[in-house]
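See structure below.
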Amino acid sequence: MPPFLSSPALAYDPEPHYPPVGGVVGRGWRNAVDDLPTTLRTLAIDGPVELDWARVAAAVSTLLAPRGPVEVVDLREAGRPWPEIQRLTRSAALGDDPDFETLAGGTLEALLDPALLPGGPPAGETIRVLLGPGAAAAPGWDTLWWADLPKRYAEAAVTGGHGRNLLAPAGEPATTKRLFYIDWPLLDRHRDEHAPKADLWLDTQDAAEPAWLTGAALRATCAGLARRPHRTRPVFNSTTWGGQWARRKLGHNPEGPTTALGYELIAPESGVLVGDATTGRVEVPFQLIVALFPADTLGADVHRRFGTSFPIRFDYLDTVDGGNLSVHCHPQPEYMREVFGWPYTQHETYYVMVGGEQNQIFLGLRDDESIDRFHTAAHRADAEAVPFDMTDFVQTFPATEHQIFLIPGGTPHGSGDGNVVLEVSATPYLYSLRFYDWLRRDGAGQQRAVHVEHAFRNLDPARSGAAVGELLVPSPRPAGHGPGWQEEIIGSLPEMFFEVRRLRVEPGGTATQDTGGRFHVLTLVEGERVTLRTDAGDEHRLNYAETIAVPAAVGGYRVHCPAGGAPARLVKANVVA
């Protein structure tokens, strides 16, 4: 067993959390209902599909009953006819594609049937409860609650065969295709539009005893987080190729089979924990912080360019004692816009945290083999389960620790087994167009899907031969230094809107940094720990393998490596002009 696997777990914190601002974390349905105004006539409770809405309805209506009759209106049943919803959200570009859909445009409200919404105030002393996704868009409410559940629950429910898609009739089989590309974009836009009006934000991970913040405290807390360094709650999932490094080294998924894809900071899915384990914690979507305070979080220039999309993500790919990743590419920019609906594409980088000269990174085409033969071999593997040697067509490079590999859209790539790769990439993360997946089987015993035609339509033939090593496996360039520290540019290309840098801080040294009006994201890739201190007086410890966002509003900050230990190395990314 390699030495790094037998060493004890480090001080990596899997549940970073922050205090609420302008209030405290409340607990329980009773306390929440008791705080409702005595004049309440209509309560709207909005939130994602995969909530236990029946339990919400039962708890709230029971506690409201002493005030008078309660009428519950379930907005999950207020959609337009399902065939019409399917038609309105179907992609002309992708048709019946089994795996992908163009990102949904429009609003959730447009998919509701006005005839199924209440048309006037409740009768007499009746209290009306509007319940389910879209409740905030219904007319007539006087108090708005937002009942939230992190997206990982919806994905687990759908992949487990017991989930439900947005406004789908009961019994309609749910798909991750619809969840990822239709439901989540609609629900995110709906939440971001209405959250500023919410009177209460509930975290329903414990549906019997939810934790909550008042709307005012939620917004004050998000405002504070948008001006100080903070981490999101990391999550690792398991896959057929997944490894063991994050289980053994960081303590993730101790009961699970593998740790494969680790979400350190992926804005559409990540959350920030507010509160503590004793008093209760609320997981606030990171994307909500960005949506509420985009200029503070992103910076004014980045906000103008990307709207409220946080455009950089950090995640881990763990294949230690696992298998090769699929060899795949990501869409080229025009294809991403016109076919998939994202305004910017999925340029990536691989930074090797754990590897070795005997391990491999697949990257770029060979120039002594034809793309047509590659296409034929990929089709036969998909259709007839005929294996082939990927190195006949795609180059490999040693997975040297602390080397970065640049992966513009259209470049074939994949991490080999035995590695831990820190992906520093553009935020789109659901468009891996697979050429070949080693004929692996999924949990149902079926050969895992590949996307041969999408992949070859996006394959960039210019990413081949010696140019791959020259352009996409770069050497560091000096970028700054001071007493006890130095900074290098390790990854940049004209077509990539972000660059990757590396800081080295000697024991006892302090590196001076400034966001310059553009957010930073950093991961400690070597060393035990560092401390970030802002000019405003905020302080945050960062342990090995942890990732932190430094909002644009922070401005000046310092990275200090404690004396008496080893030097620290940090990977840093930011949007470039």
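The values are calculated or read from the model by the stated rules, or taken from the named source; none is laboratory data. Worth saying up front: this structure is predicted, and the values here are computed from it rather than measured. All Cβ positions, glycine included, derive from the backbone under ideal geometry; neighbour counts span all protein chains shown. For accessibility, only protein heavy atoms count, side chains too; no ligands or nucleic acids. Shrake-Rupley method; radii C 1.70, N 1.55, O 1.52, S 1.80 Å.
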With DNA, RNA and ligands ignored, accessible area of Asp514 (1.4 Å probe; Å², nearest 10): 90
Residues with amide H under 5 Å of Glu71's amide H, sequence separation 5 or more or different chain, H placed in the peptide plane at 1.01 Å from N; which? Ile127, Arg128, Val129
Ordering of 125-132, 67-74, 322-329 by burial proxy (mean other Cβ atoms within 10 Å per residue, highest first): 322-329, 125-132, 67-74
How much of the accessible area of region 125-233, probe 1.4 Å, is carbon plus sulfur, in whole percent? 52
Given a Förster distance of 60 Å, the FRET efficiency implied by the Cβ-Cβ spacing of Arg440 and Ala563, rounded to the nearest 0.05, works out to 0.80
Probe 1.4 Å, protein heavy atoms only - accessible area per residue of region 494-577 in square angstrom: 34
Cα-projected label distance for Glu470 with Glu71, points at 7 Å along beta-carbon direction, nm: 7.4
Going by the alpha-carbon gyration tensor, a ≥ b ≥ c the square roots of its eigenvalues, is region 81-238 rounded (a/c under 1.5) or, if a/c is not under 1.5, prolate (a/b greater than b/c) versus oblate? oblate
Which percent of the accessible heavy-atom area of region 478-577 goes to carbon and sulfur, probe 1.4 angstrom? 47
Using a Cα-Cα cut-off of under 22 Å, which lysines could be cross-linked to Lys177, ignoring same-chain neighbours fewer than 8 residues away? Lys151
Identify the residues of region 291-328 with backbone N under 16 Å of a label point that sits 7 angstrom from the Cα of Ala223 along the Cα-to-Cβ direction, or state none. 291-297
Considering only DSSP states other than H, G, I, E and B, which GluC sites (Glu not before Pro) in region 223-298 qualify as loop sites with at most 15 other Cβ atoms within 10 Å? Glu255
Given the protein chains as shown and a 1.4 Å probe, how many square angstrom of Trp53 are accessible, to the nearest 10? 0
Once you have the Cα-Cα distance between Asp392 and Asp372, take 0.36 nm times their residue separation minus that, and quote the gain in nm to one decimal. 5.9 nm
For the pair His162 and Glu193, the simple spin-label estimate (label points 7 Å beyond Cα toward Cβ) gives in nm 3.3
Long-range amide H contacts for Tyr12: which residues qualify at under 5 Å (H placed 1.01 Å from N, peptide plane, sequence gap of 5 or more or a different chain)? none
Quick one: 3J(HN,Hα) in Hz for region 37-48, Karplus 6.51/-1.76/1.60 with θ = phi - 60°, rounded, Gly and Pro as x. x, 5, 8, 4, 10, 9, 9, 9, 10, 9, x, x
Taking 0.36 nm per intervening residue step and subtracting the Cα-Cα distance, what contour gain separates Ala93 from Arg541 on full extension? 156.6 nm
Helix-only estimate, please: 222 nm mean residue ellipticity of the chain, summing -39500 (n - 2.57) across DSSP H runs of length 4 or more and dividing by its residues, to the nearest 500. -5000 deg cm²/dmol
Run the quick spin-label model on Trp82 and His379: label points 7 Å from Cα toward the beta carbon, then report their separation in nm to one decimal. 3.6
Result for region 1-129: accessible area per residue, probe 1.4 angstrom, in square angstrom, of 51
Derived scalar couplings ³J(HN,Hα) [region 522-527; Karplus, 6.51 cos²θ - 1.76 cosθ + 1.60; whole Hz; x for Gly, Pro]: 10, 10, 7, 9, 7, x
Probe 1.4 Å, all chains present, heavy atoms only: Val282 accessible area in Å², nearest 10, is 0
Peptides 473-480, 133-140: what's the order by average Cβ count within 10 Å, highest mean first? 133-140, 473-480
Pull up the DSSP beta bridges for region 17-139 and report the antiparallel fraction as a percent, rounded to 5. 10
Neighbourhood charge, 15 Å Cβ-Cβ cut-off, centred on Pro121 and excluding it, Lys, Arg +1 and Asp, Glu -1: -1
